[in-house]
Amino acid sequence: TDPVETPNQTTLAQECEWRTDIGIANDEHFTGASGEPGVFECMIPLHHVDLQDKLDRLINEAGLCDRSLASLAVEFVVYNGNAQILDRVAYTFSVNGAGSVLPSVSHSTIKLPQPQTASEGLVMGLGALYALQVFGYLWGEIKEIREEKQKANAKTIPAIITTLLNHFTDDLFNVLDVASIVISITSIILFAIFFTTTQTYDQERTLSEYLQYMADIAGSNNLYVRLSSINVLVIFLRLLKFFRTNPRMNKLNQTLYTASTDIFAFTVIFFLALVAFMAFAFVAFGSRVEQLSTIFG
């Protein structure tokens, strides 16, 4: 809500800050009494009694809970100096258009890199070797495409496009190679940003700057982990490409290719069966079990 019209805003202003440039405040549908969107941002006490008292004051004195309330977010950040770990937990309570409260939680554990230690230095060295290998694969892929271009004598743009399409459609493993290279390069860039950002974790910041700093680190770390997980699966599938040079191991590729139609049919039926069970759980128990209250659980 707009703090200008609250009688105790001066007192609350000593503890809380009214922000109009972050979070849900940028949504024009959630505005204060004066029509200006915004959020309260403040530190919360550690003791549960003091916490309850502060929330009561925000709710009763500042009129926090009214029709303009969009969400309530509580973030906890713990730093373990012995293990060099930052742990961030964010609880968000969002209010939808129907007035229902939708809780959600986000948890991120961030290991701060320490290249000065022997173990971390070894990991960084292996990471550098992996980066060199990725760029080596990229150069090999470029050379392969150039050789196919020269064989096809492709000199015009349509001919070059046709050569590229044939390169990827004739061998689907080339698609996996490019996908793995792109994901790897993106992960390397994300790690470089993460590494440089975490080196300033102890820099003095305001509350708003620190919360945004932690949110950026957590988001970058989560994206890096997810991309790396996907890349591991892609690399595992790329191993089948190297089996083709061995007659014995190539039988695995031939078996998978021969059974591809049946495998696809089984996957579709299995997916439909899972969707049916999901719909059954939602309809039968959604009104009583919180985890099944939505179609996606």
Once Asp53, Asp87, Asp177 are ranked on solvent-accessible area with the largest value leading and a 1.4 Å probe, the list reads Asp53, Asp87, Asp177
Can you give the FRET efficiency to the nearest 0.05 for Asp262 and Thr200, using r as the Cβ-Cβ distance and R₀ = 45 Å? 0.25
If each of Gln291 and Asp53 carries a label point 7 Å out from its Cα toward its Cβ, how far apart are those two points in nm? 3.9
I'd like the Karplus ³J(HN,Hα) series for region 201-216: coefficients 6.51, -1.76, 1.60, θ = phi - 60°, whole numbers in Hz, and an x wherever there's a Gly or Pro. 5, 8, 6, 5, 9, 6, 4, 4, 5, 5, 5, 5, 4, 5, 5, 5
Ordered by residue, what ³J(HN,Hα) values in Hz, to whole numbers, does region 135-145 give under the Karplus form 6.51 cos²θ - 1.76 cosθ + 1.60, where θ = phi - 60° and Gly and Pro are x? 5, x, 4, 4, 5, x, 5, 5, 5, 5, 5
State the percentage of accessible surface on region 139-297 attributable to carbon and sulfur atoms; use a 1.4 Å probe and exclude ligands, DNA and RNA. 70
Between Phe270 and Leu239, what is the label-point separation in nm under the 7 Å Cα-to-beta-carbon projection? 1.8
Once all protein chains are kept in place, Ser108 shows an accessible area at probe 1.4 Å, nearest 10 Å², of 0
Could you derive backbone 3J(HN,Hα) for region 86-95 from the dihedral phi with the Karplus parameters 6.51, -1.76 and 1.60 (θ = phi - 60°), listing whole Hz in sequence and x where the residue is Gly or Pro? 9, 10, 10, 10, 10, 9, 10, 10, 9, 10
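The values are calculated or read from the model by the stated rules, or taken from the named source; none is laboratory data. Everything numeric here is computed off the predicted structure, so don't read it as measured data. Methodologically, a virtual Cβ is constructed for each residue, glycine included, from the backbone with ideal geometry; neighbour enumeration extends over all protein chains shown. To get the accessible areas, we keep the full protein, side chains included, count just its heavy atoms, and leave off ligands, DNA and RNA. Shrake-Rupley method; radii C 1.70, N 1.55, O 1.52, S 1.80 Å.
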